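> Structure provided below as structure tokens; questions to follow.
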Amino acid sequence: MKYISTRGQAPAQSFSEILLGGLAPDGGLYLPETYPQFSAADLTAMRTMNYRDLAFAVLSRFATDIPAADLKTIIDKTYTAAVYCHVREGDNPEDITPLHTLEPNLHLLCLSNGPTLAFKDMAMQLLGNLFEYVLTKAGQGINILGATSGDTGSSAEYAMRGKQGVNVFMLSPHGKMSRFQTAQMFSLQDPNIYNIAIKGVFDDCQDIVKAVSNDHAFKADYKIGAVNSINWGRIAAQIVYYFKGYFASTTDNTQQVSFAVPSGNFGNVCAGHIARMMGLPIKHLIVATNENDVLDEFFKTGVYRPRGSANTYHTSSPSMDISKASNFERFIYDLVGQNAAKLQALWSSVDQGGAFDLAAQGLLSKVPEFGFQSGSSNHANRMEMIRKIWVDYGLMIDTHTADGLKVALELREADVPMIVLETALPAKFEESIQEALGQAPVRPQGMEYLETLPQRFEVMAADAEAVKQFIKNHL
Ligand SMILES: *Cc1c(COP(=O)(O)O)cnc(C)c1O
């Protein structure tokens, strides 16, 4: 299996070759040359598999340059009940992503049982083990530089801690993350993890990462890498749980299901789109946004108009406060018939801060062929949904999952199972749960006193040169 760029101007590469990188050299995103296909017979064989075997059945079609036995070992050590241990009472940790049924044909697929209590651990834990494997084999190292407002940074650090050949330098806005998120990251004592608290906001952190990455000599000399949401390995790993959710909610492969996905960078739902292209019987993929509704606007009007940071709201589902969906290009590539020239023409305006209008080009009518629908919600909707799910089903959900459920309930069809992806546990967003329910969520075992643990971090000015110097001094 080779990977090509959506912009069509980069050489085809193998899975291992694109694993450590971000954008393709032509500025596009990598996609497999063709999507592997799963026949009815394949689906029948997969229906009874456990999570690890299912992950191998899917990922072995993508990572064809990693020997099967090695890939199996990596998957088997990643997807264990010990790693994904924070399941709700009554759910089976051996399921890895338990399906929690609220009522007939309405389910939550619980993806947030990993070490940082958000769905990003589903892919990031695999990525940590894949990185270590590929780097050890090549006798190389990597220094990951990232910026985080909360979830991504902690997920990356918990995946990379103690890994051979990997260092992590993670920038976060000083004093701007929740106490829980701060403690989660800063309490890590592993020598290969460096937390840098920048005196500024998230955008300042992001700008420093960009400035360092644009210093090509520094980037090459110090082997600077990234684990951002466009990484193909992350998308591939996320495809697996769509299969898992499908099998857990149906009894035979003639049935269709729909998924509702709380969305920001379009990474999670992009994996669902690819699962559907591979033959998984998905009826609808429902993109749920918060007040930052760039994607909802696109699916309703055909206009894709990314917004600047001045027009990006800080909401109570902060991990979806995104106004430029970095993975969206992968879907549009398929929508325009995998025509790289056409894709490039559309993004030439987006890359210059502009927009495009697919309705005007007669392409909006093709969207239903791909099963997409959308909706959005606001703070009041989230509070109401958290209360409703608590009262009706005795289940506590977080604010992001509430965005998904709100839209799912509006769009669900009577005879089609609706699976809402749970993207974080409520314990991560204590203040919002307190506001909605008048009580705090129960902390998972071992995290009760997280904020009292000793913290290890460096406070620095928003200065790219100072960050470069810090990296030099610590290698
Ligand atoms: C990252 C994140 C999302 C958004 O996922 P995308 O892949 O960026 O669309 C939603 N909810 C939570 C809790 C997240 O951490």
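> If you place +1 on the Cβ of every Lys and Arg, -1 on the Cβ of every Asp and Glu, and leave all else neutral, what size is the dipole of region 107-255 about its Cα centre, to the nearest 20 Debye?
100 debye
> Between region 68-93 and region 201-243, what is the C-alpha centre distance in whole Å?
25 Å
> What does the charge dipole of the chain about its Cα centre add up to, to the nearest 20 debye, if the Cβ of each Lys and Arg holds +1 and the Cβ of each Asp and Glu holds -1? Working shown, then result.
On the way: 39 positive and 50 negative charges, 142 e Å.
It comes to approximately 680 debye.
> Classify the chain as rounded, prolate or oblate from the Cα gyration tensor: take a ≥ b ≥ c as the square roots of its eigenvalues, call it rounded if a/c is under 1.5, otherwise prolate when a/b beats b/c and oblate if not.
Rounded.
> Something else: Taking 41 Å as R0, compute the FRET efficiency from the Cβ-Cβ separation of Gln445 and Ala355 and round it to 0.05.
Computed FRET efficiency for Gln445 and Ala355 comes out at 0.30.
> I've got another one for you. Keeping all protein chains in place and using 1.4 angstrom, which order do Trp390, Trp232 fall into by accessible surface area, from largest down?
Trp390, Trp232
> Further, regarding this structure: Starting from the Cα of Lys468, draw a straight line to each of the aspartates and glutamates and keep only those under 16 Å, dropping any in the same chain fewer than 8 residues away.
Straight-line reach from Lys468, under 16 Å: Asp204, Asp207, Asp215, Asp221, Glu458.
> Tell me which of Ala123, Thr182, Val294 sits at the most positive position along the dipole axis of the chain, charges placed on C-beta atoms (Lys, Arg +1; Asp, Glu -1).
Towards the positive end, the residue furthest out is Ala123.
> Assuming 0.36 nm per residue, please report the length gained on full extension of the stretch Asp91 to Ala41 beyond their Cα-Cα distance.
15.1 nm
> If I take R0 = 25 Å and measure r between the Cβ atoms of Asp190 and Ala211 in this structure, what FRET efficiency does the formula 1/(1 + (r/R0)^6) give, to the nearest 0.05?
Result of the calculation: an efficiency of 0.40.
> Need the full-extension length gain, Glu430 to Lys388, defined as separation in residues times 0.36 nm minus the C-alpha distance. One decimal, nm.
Gain in length upon complete extension: 13.4 nm.
> Please report the spacing between the Cα centers of region 412-475 and region 326-382 in Å, no decimals.
30 Å
> A further question on this structure: Could you pull the Cα extents of region 344-435 along its three principal axes, largest to smallest, in whole Å?
Computed over the Cα atoms, the extents are 49, 36, 19 Å.
> Moving to a separate point now. What does the convex hull of the alpha-carbon atoms of region 276-327 project to on average, in nm²?
4.6 nm²
> Using r as the Cβ-Cβ distance of Thr34 and Thr301, and R0 as 35 Å, what FRET efficiency do you calculate, to the nearest 0.05?
0.65
> Using a 1.4 angstrom probe on heavy atoms only, work out the carbon and sulfur share of the accessible area of the chain in %.
Result for the chain: 50 percent of the exposed heavy-atom area is carbon or sulfur.
> How big is the accessible area of Asp321 in square angstrom, nearest 10, if you roll a 1.4 angstrom probe over the protein chains?
The accessible area comes out at roughly 30 Å².
The values are calculated or read from the model by the stated rules, or taken from the named source; none is laboratory data. For clarity, every value in this text was computed on a predicted model and none was experimentally measured. Here Cβ is always computed from backbone atoms with ideal geometry, including for glycine, and neighbour counts include all displayed protein chains. In case anyone asks, the SASA skips ligands and DNA or RNA and just uses the protein heavy atoms, side chains included. Shrake-Rupley method; radii C 1.70, N 1.55, O 1.52, S 1.80 Å.
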